[in-house]
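Participant: Structure provided below as structure tokens; questions to follow.
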Amino acid sequence: MIKQQTKLETVVGVFVLAGLLAVGWLALEIGRGTFVGGDTYNVTAEFANTGSLTPGANVLIAGVPVGRVDKVALNPKNFRAVVTFRVQKAVQLPTDSIASVKTAGLIGDKYIAIAPGGDPDMIKPDGLIAETESDVDIASLISRFAFGAVQSPASPDKK
């Protein structure tokens, strides 16, 4: 009787351990974005300002998720933010595409929005999007407006 109970406990323990390992693996794969979305390729873009863009942020085309940000780093030579992101292989980006850092809502998460161009040539894996638009810092615009730093156009002098 005691032998059967020990055997049952061992089987249950192995089953629970396998389940925990499977959940851990699934969490890692979903976090990296490789489980959902299939095959991807890397693309890089340089921005003057990325705001608070972080790895894991979405990459969208026309509001549809097509990838994820892998890395945000500083280029020490020109002090620009270098963003590396993955895009689904099914989505081929023309070489004249534009990458922009956008905000979801007024103070929401940052994401990369891509506006595909019309060039027949496509960006190759590990390629570069040359045309970028940096993040607009809404908080600094509001504070400049509130404290009078925004100037109205100069009116011509009347004589």
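Participant: With labels modelled as points extended 7 Å from the Cα through the Cβ direction, what inter-label distance (nm, one decimal) is found for I98 paired with N78?
Facilitator: According to this spin-label approximation, the distance is 1.8 nm.
Participant: Also, I was wondering about something else. Just to confirm, what accessible area per residue do you get for the stretch 50-131 at 1.4 Å probe, in whole Å²?
Facilitator: On a per-residue basis, the stretch 50-131 sits at 56 Å².
Participant: Report, by chain and number, residues whose modeled amide H sits under 5 Å from the one on L93, excluding near sequence neighbours (fewer than 5 apart, same chain).
Facilitator: Sorted by chain and number, the residues that satisfy this are I123.
Participant: Can you list residues from other chains, or at least 5 along the same chain, whose modelled amide H is less than 5 Å from the amide H of R68?
Facilitator: Result for R68 returns V59, R86.
The values are calculated or read from the model by the stated rules, or taken from the named source; none is laboratory data. As the structure is a computational prediction, the values presented were derived from the model and not from experiment. Positions of Cβ are backbone-derived with ideal geometry, glycine not excepted, and every protein chain shown enters the neighbour counts. Surface accessibility is based on the protein's heavy atoms, side chains included, excluding ligands, DNA and RNA. Shrake-Rupley method; radii C 1.70, N 1.55, O 1.52, S 1.80 Å.
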